[in-house]
Amino acid sequence: MLITNAHDYLQRIWPNLPGDILQDLAGIFHEYSAKRKTVLTAEGEVEKYLYLVLEGVQRAYAISTDGREATLVFTYAPSFSGVADSFLLQRPSRYWFETLTPSKFLRANFQDFDAVLLKHPLLERLIRLALSETLEGVLVRQIELQSYTAEQRFRTLLARSPHLLQLVPHKYIANYLGMDATNFSKLLGQIRI
C-alpha cells in the first residue's frame, strides 16, 4: 500500500488515535524530496525535522577521529527518520544523516511538533512508547555487535531485514555489521539466502 500523506501514514502507525489529534499531527507534516547522497543533517547541526519516509533509503552514521565511518541505522518506508536524539533534545547531532537513494519524505519541524505534543498529552505517551521500543532495538543491536560472530550478525540481519540486501549498497551493510566488505562478500557467497 502506497502511503502519500501524513494522515494515512500516522493512522497506519496509530490506528486508534482520536481524529482531532490525528488531524493536528498530520497537519504539521509537509512534503520534501532529496537527491541521492544528500546530507540532511551534519554532525554538529541541530536536527530541525522529524521525517516520515515515503520512498528511498537513508542512513545515520558517525565518523571517528581517524576518519572511519560507522553506520548506525538505515531507514526506509514506512518509518520515522532523522537524528532522533538531536531532534528531541534540540542539541547538536553527533551523527550524520544522509540519503543513500533519491528519497521522498513528509517532515515536520521541531516547533510545530513540540506544540502538538503540548496540546495533546496522549501523543507524548505514544512517542514515549515508540522510543521505548526503539531503545529495546538499540540494546539488542548492542548485544549483537559485542557478542555475536560476524556470521551470526550477518544471519541475524538476514532473518530480521532480508530486503536490505536489495535496498542498500553492500559496503554500507558490511559497515553496519562491523565487518569489512571482503568478509561480507565471502559470507554473502557462502550463505544461502
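List of remarks:
- Net charge dipole size for the chain [Lys, Arg +1 and Asp, Glu -1 on Cβ; Debye, nearest 20]: 620 debye
- Extreme residue, positive dipole direction of the chain, given options Y61, Q142, N175 (C-beta unit charges): N175
- Surface per residue (accessible, 1.4 Å probe) for the stretch 6-122, Å²: 52 Å²
- Taking the helices alone, the chain has a mean residue ellipticity at 222 nm of -14000 deg cm²/dmol, built from -39,500 (n - 2.57) per DSSP H run of at least 4 residues and averaged over all its residues.
- Of the options (i) 1.17; (ii) 1.04; (iii) 1.08, only one is Cα Rg over 2.2 N^0.38 Å as computed from these coordinates, and that is (iii).
- Taking the chain as a Gaussian network of alpha-carbon nodes connected by springs under 10 Å, the highest mean-square fluctuation of the residues Y172, Y148, Y95 belongs to Y148.
- Unit charges at the beta carbon, dipole of the chain: most positive-side option, L25, S79, L122: S79
- Of the peptides 104-112, 133-141, the ranking by mean beta-carbon count within 10 Å, highest at the top, reads 104-112, 133-141.
- If the chain linking Q166 and N183 were pulled fully straight, counting 0.36 nm for each residue of separation and taking away their Cα-Cα distance, it would gain 4.3 nm.
The values are calculated or read from the model by the stated rules, or taken from the named source; none is laboratory data. As the structure is a prediction and not an experimental result, all values here were calculated from the model. Ideal geometry is used to build each Cβ from the backbone, glycine not excepted, and the neighbour counts take in all protein chains shown. These accessible areas exclude ligands, DNA and RNA; they are computed on the full protein's heavy atoms, side chains included. Shrake-Rupley method; radii C 1.70, N 1.55, O 1.52, S 1.80 Å.
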